[in-house]
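Peer 1: One structure coming up, written as structure tokens, with questions to follow.
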Amino acid sequence: MIPLSINEVCKEFPDGTRALNGVSFTINPGEGTVLLGSNGSGKTTLLRCINGLETATSGQIYVDHIDVIEAKRRHARKALKRVRLQTGMVFQKFHLINNLGVLQNVLFGSLGRTQNPMKMFSIGAAKEERMRAMACLDRVGLADLAKRRADTLSGGQRQRVAIARVLMQDPQIVLADEPIASLDPKSGREVMDLLWEIVRERNLTVVCALHQLKIAQEYGDRLIGLRCGNVVMDTPADRIDADQLSHLYDDDQSQSVPAVPLEVTP
Amino acid sequence: MGEQLRRRGGGASGWGGGGGLIILGLFLHGVYIAQLTPERLLSGMGRLGGFLSQAIPPDLTRASNFFWAILVTFEMALVGTVIGVLLSLPVALLASDNTSPNRLVRNITRNTVAAVRTIPDLVWALIFVVAIGLGPAAGILTIAVDNLGFCGRFFSERIEELEPGPVEALSSTGASQLGIILGAIFPCAFPSFVATSLYAVEKSIRSAVVLGLVGAGGIGVELSTSMRLFRYDQALTIIVMIWLVVTASEQVSTQIRRRVI
């Protein structure tokens, strides 16, 4: 069980947009946290900073006692790799390798542990690795689609494959960036159910960015609200306050603060 | 502001006018030195008729020799393209913004590839004939270098256009650079790489035909000999065979392309 703590994290993009304005919180191991906030509140940027896909401008992010920001800045590959092995990501747009098979996509979850290029692909991989990938695929209920190309699957199925990829990676922390925003309500529910079941049965820490309040309250243990890069709410899900919530999605947001065009995919 | 714009616009059109005059001058001079007079064109037509009357019927007595020479030409194109494509893969990775280790390496690689591409293949063939002598080896090297310039550029452009998503997904698992290249970049770019490579083979077959003219092996040697000995009937046989091989190769590559993409 590894702790995750975030201290005074700021992120300013080269074009001057400030995505994060001194965000601080500590996540307890095994906690199911939902990051809430409208588009541009900094949810995505924060998750990307935790995994090191983005380098925060200042502050500290400790994953397993390693400062990710420091590791990124010093190009400390080993430290960054240790962080990444422990933080699995689920993306809004799935990010599968579309013209490869489903099983191969799951197998790529273990790339961080694979040095030999021959073993990266399902033809050359060790039998037990292939069996594990198959088991992960079975866990998300898609074992029968193992041989299909990833781009022949529906959105919900693709997100399940992406979850199987995270299972294969076997991290302690799961970072989910709007995992159901590209899905219809029904398959969105199914994906959330599956993600939370898996997180619970493996006792993983999860930080999930969402913008649907209802779903956030239903699944999260703890809700953290972001607005323009600041934490404006941090509360257990069962003690949520209507005032705070309305503040989170204030209509005057666009007027009081200049537009922060974020949720960047650089 | 408006005035400034107008003035700048005027300057630009002034330059454009000067450039246009120069190009017009070059064009007229070109027409003048070509002496492309109607009389010359007419007499040319007459001689073309002479060529055709001597070329038809085509002489098939040496067809089997030509067949082997064409096979050599095709093999030169194939081997040269395969070498060029294989060399292009690492070169394209070094030349692309998103995969190059740093800007210096990227700029050096990109400029080298650009320089290689500016030199026409016939010039490379002349150089390689001097370096390693007459024959198919010079042709293969020429085609490999020519394709390095061509595929290196197109592969690199494709790599730079790739969506960052799959690459980020694999990076986020802790994958090494090699893992990301083999797992995300090559698979995502694969259909485009295949299409470019097939086009490169087609292009190389046509180019290999001509390379023989400067002694770099293949059917071009036979064609040039037949023309010089005024054996137009043999030349026609060769031309028809070239046409068949090029058409056939285009058909095959279209089929492969359809299946891969």
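Peer 1: Please find, within segment A:182-200, the residue that is nearest to A:Met89 (Cα to Cα) out of those that are in contact with a helix residue (DSSP H, G or I) (Cβ under 8 Å, 6 or more places away or on another chain) and aliphatic (A, V, I, L, M).
Peer 2: Checking each candidate, the answer is A:Leu195.
Peer 1: Please work out which residue is surrounded by the most Cβ atoms within 10 Å (Cβ to Cβ), limiting yourself to segment A:73-94 and to residues that are touching a helix residue (DSSP H, G or I) at 6+ places or on another chain (Cβ under 9 Å), within 12 Å of chain B (Cβ to nearest Cβ) and without any contact (Cβ under 8 Å) to a residue 40 or more places away in the chain.
Peer 2: Once the filter is applied, the top-ranked residue is A:Val83.
Peer 1: Go through segment A:173-214 and give me each residue that's within 13 Å of chain B (Cβ to nearest Cβ) and of a type in the set (S, T, N, Q).
Peer 2: Within segment A:173-214, just A:Ser182 meets the criteria.
Peer 1: Right, something else. Evaluate segment B:98-107: report whether one residue or more is buried (at least 23 other Cβ atoms within 10 Å of the Cβ), more than 30 Å from A:Gln92 (Cβ to Cβ) and more than 14 Å from the chain's Cα centre (by Cα).
Peer 2: Among the residues of segment B:98-107, not one is buried (at least 23 other Cβ atoms within 10 Å of the Cβ), more than 30 Å from A:Gln92 (Cβ to Cβ) and more than 14 Å from the chain's Cα centre (by Cα), which makes the answer no.
Peer 1: So A:Val106 fits all but one of (1) modelled with pLDDT of 95 or more; (2) more than 9 Å from every other protein chain (Cβ to nearest Cβ); (3) in contact with a strand residue (DSSP E or B) (Cβ under 9 Å, 6 or more places away or on another chain); what number is the exception?
Peer 2: (3)
Peer 1: Within segment A:65-110, track down each residue that is in a helix (DSSP H, G or I), over 18 Å from the mean Cα position of the chain (by Cα) and under 25 Å from B:Ala189 (Cα atoms).
Peer 2: Correct list: A:Val102, A:Leu103, A:Gln104, A:Leu107.
Peer 1: Also, quick follow-up: State which residue pairs qualify: first residue without any contact (Cβ under 8 Å) to a residue 60 or more places away in the chain and inside segment B:115-132, second residue surrounded by 13 or more Cβ atoms within 10 Å (Cβ to Cβ) and charged (D, E, K, R) in any location, beta carbons under 7 Å apart, and separation of 6 or more residues or different chains.
Peer 2: B:Arg117/B:Arg153; B:Trp124/B:Asp146
Peer 1: Which pairs do you get when a residue that is assigned by TED's automatic domain parsing to the domain that holds B:Leu94, found in segment B:179-193, comes within reach of a residue that is surrounded by fewer than 19 Cβ atoms within 10 Å (Cβ to Cβ) and assigned to a helix (DSSP H, G or I), reach meaning Cβ atoms under 7 angstrom, with the pair 6+ apart or on two chains?
Peer 2: B:Leu182/A:Pro117; B:Pro191/B:Val260
Peer 1: Looking for something surrounded by 11 or more Cβ atoms within 10 Å (Cβ to Cβ) and closer than 30 Å to B:Leu236 by Cα - is there at least one such residue anywhere in segment B:19-27?
Peer 2: no
Peer 1: Looking at segment B:165-176, I want the residues that are under 12 Å from A:Val90 (Cα atoms) and assigned by TED's automatic domain parsing to the domain that holds B:Cys188 and have a partner that is among the charged types (D, E, K, R) and assigned to a loop (DSSP other than H, G, I, E, B) with Cβ atoms under 6 Å, at least 6 apart or on another chain. Which pairs are those?
Peer 2: Filtered contacts from segment B:165-176: B:Gly165/A:Lys93.
Peer 1: Scan segment B:158-168 and give yes if some residue there is more than 10 Å from chain A (Cβ to nearest Cβ) and among the hydrophobic types (A, V, I, L, M, F, W, C), otherwise no.
Peer 2: First, the residues of segment B:158-168 that are more than 10 Å from chain A (Cβ to nearest Cβ): B:158-162.
Next, only the ones that are among the hydrophobic types (A, V, I, L, M, F, W, C) stay: B:159, B:162.
Yes, the conditions are met somewhere in segment B:158-168.
Peer 1: Out of curiosity, is B:Phe51 within 17 Å of B:Ile242 (Cβ to Cβ) and not assigned by TED's automatic domain parsing to the domain that holds B:Val221?
Peer 2: yes
Peer 1: If you take the residues of segment B:33-79 that are surrounded by 13 or more Cβ atoms within 10 Å (Cβ to Cβ), small (Gly, Ala, Ser) and out of contact with any Asp or Glu (no Cβ under 8 Å at 6 or more places or on another chain), which of them is modelled with the lowest pLDDT?
Peer 2: Checking each candidate, the answer is B:Ala63.
Peer 1: Would you point out the residue of segment A:38-62, among those that are within 12 Å of another protein chain (Cβ to nearest Cβ) and not in a helix (DSSP H, G or I), that is nearest to A:Cys10 (Cα to Cα)?
Peer 2: If we take residues in segment A:38-62 being within 12 Å of another protein chain (Cβ to nearest Cβ) and not in a helix (DSSP H, G or I), then A:Glu54 is nearest to A:Cys10 (Cα to Cα).
Peer 1: Restricting attention to segment B:169-198, which residues are of a type in the set (A, V, I, L, M) and at the interface with another protein chain (Cβ under 9 Å from one of its Cβ atoms)?
Peer 2: First, the residues of segment B:169-198 that are of a type in the set (A, V, I, L, M): B:169-170, B:175, B:178, B:180-182, B:184-185, B:189, B:194-195, B:198.
Those that are of a type in the set (A, V, I, L, M) and at the interface with another protein chain (Cβ under 9 Å from one of its Cβ atoms): B:Ala169, B:Leu170, B:Ala175, B:Leu178, B:Ile180, B:Leu182, B:Ala184.
Peer 1: Could you please give the count of residues in segment B:101-127 that are in a helix (DSSP H, G or I) and under 13 Å from B:Ser207 (Cβ atoms)?
Peer 2: Let us first name the residues in segment B:101-127 that are in a helix (DSSP H, G or I), namely B:103-118, B:121-127.
Then drop every residue that is not under 13 Å from B:Ser207 (Cβ atoms), which leaves B:121-125.
Residues meeting the conditions: 5.
Peer 1: Inspect segment B:142-158 for any residue being in contact (Cβ under 8 Å) with a residue 12 or more places away in the chain, surrounded by 24 or more Cβ atoms within 10 Å (Cβ to Cβ) and of a type in the set (Val, Ile, Thr) and give the result as yes or no.
Peer 2: Yes, segment B:142-158 contains a residue that is in contact (Cβ under 8 Å) with a residue 12 or more places away in the chain, surrounded by 24 or more Cβ atoms within 10 Å (Cβ to Cβ) and of a type in the set (Val, Ile, Thr).
Peer 1: Residues that are over 16 Å from the mean Cα position of the chain (by Cα), of a type outside the set (D, E, K, R) and more than 7 Å from chain A (Cβ to nearest Cβ): does segment B:202-209 have at least one?
Peer 2: no
The values are calculated or read from the model by the stated rules, or taken from the named source; none is laboratory data. The structure displayed is predicted, hence computed values, not measured ones. FYI the Cβ positions are ideal-geometry reconstructions off the backbone, even for glycines, and counts take in every protein chain you see.
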